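Enquirer: Mind looking over this structure? Questions follow.
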Amino acid sequence: METTEVSTLAGFIEHTLLRPNCNQQDIILLCEEAVEHKFHAVCVPPYYVQLAKKTIKKAPVKIVTVVGFPMGYSTVAAKVEETKKAIISGADEIDMVMNIAAFKAGDYAAVQNDIQAVITACHLQNKQCKVIIEIAYLTNDEIEHACRICADCQPEFVKTSTGYAPGGATVDSVALMRKVLPAKIKIKASGGIKEKDFAEQLIQAGASRIGTSAGLHLIGVEA
C-alpha cells in the first residue's frame, strides 16, 4: 500500500480511551487532541460521553461509546438501556459487544436477537451501530458465521475486537470479514494497533475505521 498521508489516516482513526481508571482530564485531553488533529471520532466510556460532548462542542468529531463492554454477555434489556442512555447523553455511534458466550454455545438465535435489539435502538434515533465480534475467541469459520449474523441485522460496521481479549485485529481477519460482509457494512479494526504500517495494512485489507489508543503515534505526533 502506498504510504497514507497523515491527514488522510487521521480521518480513519477513532481516538480511544477506555481504561477503567481514566479521569476527566484524560478525556478532555483526548477530545482536544481529536479536534486538533482531525480524527474521525473519540471512543470513550459511557460515563464520559457527556463530558466528551461538552469538550468537542461543534467540532466535526464523532462521539463513540461502548455497550455490553467488554464481555458481551449482559442481558439484551441491559444493552438496550445502555444504548438509549448513551444516545441521550450525546453518543453518535454505539460499539456493542455481541454475546460471545451465547455464540460459543451455539445459541445463534439469542446472538441475533441481542445484536438486532441494539441496532434497532440505534436506528430509531438515527445513530450508527458497530458490532464487536471479538475475533481472538473465534475460528475463521466462526468469524464468517458471526459476520453473516451481523449482515442479517444490518449494522453500519462490524468491529474486530474490544482490545481486552488476548488478541486484537489482524490483517487476515479483516480480509476475511471483508470477503464475507456485504459492501455496505464497513469494518472497524481495533485492538493492538500501535504502528502506522499496521494501520495501513488493515485499511488495505478492508478496514474503514481504526480504533486505537495510539492515534497520535500513528500520525507521527507523540503525546
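Enquirer: For segment 90-131, which positions are among the charged types (D, E, K, R) and under 26 Å from Val44 (Cβ atoms)?
Expert: Once the filter is applied, which keeps residues that are among the charged types (D, E, K, R) and under 26 Å from Val44 (Cβ atoms), segment 90-131 yields Asp92, Glu93, Asp95, Asp114, Lys127, Lys130.
Enquirer: Return yes when Val80 is buried (at least 24 other Cβ atoms within 10 Å of the Cβ) and touching a residue at least 12 places away in the same chain (Cβ under 8 Å) and no when it is not.
Expert: Judged against the criteria, Val80 is not a match.
Enquirer: Say we look at segment 41-88 and pick out the residues that are touching a strand residue (DSSP E or B) at 6+ places or on another chain (Cβ under 9 Å) and among the basic types (Lys, Arg); which of these is nearest to Gln128 (Cα to Cα)?
Expert: Lys62
Enquirer: So, Ala77, is that one closer than 24 Å to Asp141 by Cα and aliphatic (A, V, I, L, M) or not?
Expert: no
Enquirer: Would you call Leu9 within 19 Å of Thr162 (Cα to Cα) and under 18 Å from the mean Cα position of the chain (by Cα)?
Expert: Answer is no for this residue.
Enquirer: Still on this model: Only one residue in Ile203, Ile187, Ile210, Ile193 is among the hydrophobic types (A, V, I, L, M, F, W, C), outside any helix (DSSP H, G or I), in contact (Cβ under 8 Å) with a residue 60 or more places away in the chain and buried (at least 19 other Cβ atoms within 10 Å of the Cβ). Which one?
Expert: Ile210
Enquirer: If you go through segment 91-107 one residue at a time, do you hit one that is surrounded by fewer than 17 Cβ atoms within 10 Å (Cβ to Cβ) and closer than 19 Å to Ala189 by Cβ?
Expert: no
For (1) in contact with a Cys (Cβ under 6 Å, 6 or more places away or on another chain); (2) of a type in the set (A, V, I, L, M, F, W, C), each residue gets a yes or a no:
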residue: Ala151; (1), (2): no, yes
residue: Pro155; (1), (2): yes, no
residue: Leu202; (1), (2): no, yes
residue: Ala207; (1), (2): no, yes
residue: His217; (1), (2): no, no
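Enquirer: Would you check if Ala59 is out of contact with any Asp or Glu (no Cβ under 7 Å at 6 or more places or on another chain), small (Gly, Ala, Ser), free of Cβ contacts under 8 Å to residues at least 40 places away in the same chain and in a helix (DSSP H, G or I)?
Expert: When the stated conditions are applied, Ala59 does not pass them.
Enquirer: Now, a different point. Which ones in segment 161-176 are surrounded by 22 or more Cβ atoms within 10 Å (Cβ to Cβ), more than 18 Å from Cys43 (Cα to Cα) and β-branched (Val, Ile, Thr)?
Expert: Val174
No value in this document is a laboratory result; all are computed from the given coordinates. From a predicted model like this one, the values you see are computed outputs, not experimental measurements. Positions of Cβ are backbone-derived with ideal geometry, glycine not excepted, and every protein chain shown enters the neighbour counts.
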